[in-house]
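Visitor: I'd like to ask some things about the structure below.
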Amino acid sequence: MNVVVTGASGYVGEAVLSYLTKAGHQVTGIARHQPKGFPPGVRWALGDARDMDLNEVFGGADAVVHLIGIIKEIPQRGITFHALHVGITERVLLSMQTSGVSRLVHMSALGTRNGASSQYHRTKWQAEQLIKAHPSIRATIVRPSLIFGGTPPFFQMLQNLSKLPRIPVPGDGMTQFQPVARDDMASLIAQALTDEASVGLTLELGGPERFTLNQLFDAVAEKSGRHRSPKIHLPLALVGAVAGLNAVLPMPITPDQLAMLTEPNVTEDTRWHQWVARPRRFSSWNLK
Ligand SMILES: NC(=O)c1ccc[n+]([C@@H]2O[C@H](COP(=O)([O-])OP(=O)(O)OC[C@H]3O[C@@H](n4cnc5c(N)ncnc54)[C@H](OP(=O)(O)O)[C@@H]3O)[C@@H](O)[C@H]2O)c1
């Protein structure tokens, strides 16, 4: 198949390109920058998906894997959750329609729902609704929890914080997460793309183990071969006030990220195990 992957140069994109090329697909990656050291044999279409000519890239494609997403807005550069999650998805859907491409695997996120507490999840929800409203699009939507494997930005951030003499934890640190392996997710995407049984499904992906934020800090310290620093639990009102200043000054955490760190990110959904029978365990992963 000829597959176009948006967000191909990112953390998830790297693994998805690898699984798609190994499966024998011709892959075109969309990103603003061409990364070094990525799987060879990928054609790159470089540009900003907010305004580049997607029709040109989608012509002749059989399917699209749509990965573009952000975790932090930069409003002064027009990089907002709405522009990236909703606006670009709208452009992708229109260009797919124009180019006669109907098959889509779309990357959403666990916690996506109507009226979610974060703008990240609300705009992911809006993107999902746009996809479902397009009669010609045959989509599979995947909603992973935190992703581990390789060098994941989120766990690197925990690793850096865990080097401090005292680890600052927002609130009681008891929020649960269910980390899922990047390779498992990429494998699922590559298989689902060619399996009609996955069309119309919204799959929630969580790994076989659940961890609180406190336990994730401990696990990351252990994986890095360091002793556990004591944690300092910061009142949510205080962290919220600091995060609120992000509108005027760069802060270590945004209100949106705080909202996501304080609501459970777990799922009972195991339907995806029909493609990935034995999901990898976070506890067996070696953080570099
Ligand atoms: N990582 C996780 O734990 C996690 C968990 C749940 C869901 N997700 C979702 O998975 C998807 C991929 O996440 P990721 O961790 O791989 O993110 P990432 O490493 O930040 O990658 C984002 C990708 O989007 C591209 N991109 C961003 N803005 C663009 C624009 N305006 N035009 C064209 N390309 C643009 C980036 O390429 P350039 O910078 O080169 O343009 C990059 O390829 C996102 O939708 C995210 O919400 C991730």
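Since every read-out is calculated from the coordinates, none of them should be taken as a lab result. Not measured: the values here are computed from a predicted model. Backbone-built Cβ (ideal geometry, glycine too); neighbour counts: all protein chains shown.
Visitor: Give me the distance in nm between label points sitting 7 Å out from Cα along the Cα-to-Cβ direction at Lys132 and Gln176, one decimal.
Guide: 2.5
Visitor: Calculate, in nm to one decimal, what Arg113 and His273 gain on full extension: separation in residues at 0.36 nm each, minus their alpha carbon distance.
Guide: 55.3 nm is the gain from fully extending Arg113 to His273.
Visitor: Could you check which residue among His227, His85, His134 shows the biggest mean-square fluctuation in a GNM of the chain with a 10 Å Cα cutoff?
Guide: His227
Visitor: Let me ask something additional. Could you give the Stokes-Einstein D for the chain in µm² per second, using the C-alpha Kirkwood radius, 25 °C, 0.890 mPa s?
Guide: Taking Rh from Cα pairs, D becomes 125 µm²/s.
Visitor: Now, a different point. Would you mind calculating the relative contact order of the stretch 1-100 from Cα pairs under 8 angstrom and at least 6 residues apart, reporting the percent as a whole number?
Guide: 29
Visitor: OK, next. If the chain between Tyr11 and Asp62 were fully stretched, how many nm would it gain, using 0.36 nm times the residue separation less the Cα-Cα distance?
Guide: Result: 16.0 nm gained on full extension.
Visitor: Given a cut-off of under 8 Å on Cα pairs at least six residues apart, what relative contact order in percent is computed for the stretch 20-167?
Guide: Normalised by residue count, the contact order of the stretch 20-167 is 18 percent.
Visitor: Next question, about the same structure. Between Pro153, Pro179, Pro208, where does the largest GNM mean-square fluctuation fall for the chain, given springs only between Cα atoms within less than 10 Å?
Guide: Most flexible of the set in this elastic network: Pro153.
Visitor: Note the full-extension length gain between Asp53 and Asn160 as 0.36 nm times their separation in residues minus their Cα-Cα distance, in nm to one decimal.
Guide: Here the segment from Asp53 to Asn160 would lengthen by 34.6 nm.
Visitor: What is the calculated FRET efficiency for His82 to Leu236, with r their C-beta to C-beta distance and R₀ = 25 Å, to the nearest 0.05?
Guide: With R0 = 25 Å, the Cβ-Cβ based efficiency is 0.45.
Visitor: Let me ask another. Which one, Ala83, Ala45, Ala197, has the greatest fluctuation when you compute a Gaussian network model over the chain with C-alpha springs under 10 angstrom?
Guide: Of Ala83, Ala45, Ala197, the Gaussian network model singles out Ala197 as fluctuating most.
Visitor: So if we plug the beta-carbon distance of Arg226 and Lys36 into 1/(1 + (r/R0)^6) with R0 = 45 Å, what FRET efficiency do we get, rounded to 0.05?
Guide: 0.90
Visitor: For Asn286 and Lys72, what is the calculated FRET efficiency with R₀ set at 25 Å and r taken between the beta-carbons, to the nearest 0.05?
Guide: According to the calculation, E is roughly 0.35.
Visitor: Further, regarding this structure: Beyond 26 Å between alpha-carbons counts as too far, so tell me which of Lys231/Lys288; Lys72/Lys163; Lys36/Lys72; Lys36/Lys231 fall in that bin.
Guide: Lys36/Lys231
Visitor: Which of the trypsin sites (Lys or Arg not before Pro) found in the stretch 160-257 are in a DSSP loop and have at most 15 neighbouring Cβ atoms, other than their own, within 10 Å?
Guide: Lys163, Arg166, Arg226, Arg228
Visitor: Calculated from DSSP H runs of 4 or more alone, at -39500 (n - 2.57) each and per residue, what is the 222 nm mean residue ellipticity of the chain, nearest 500?
Guide: The helix-only estimate for the chain comes to -9500 deg cm²/dmol at 222 nm.
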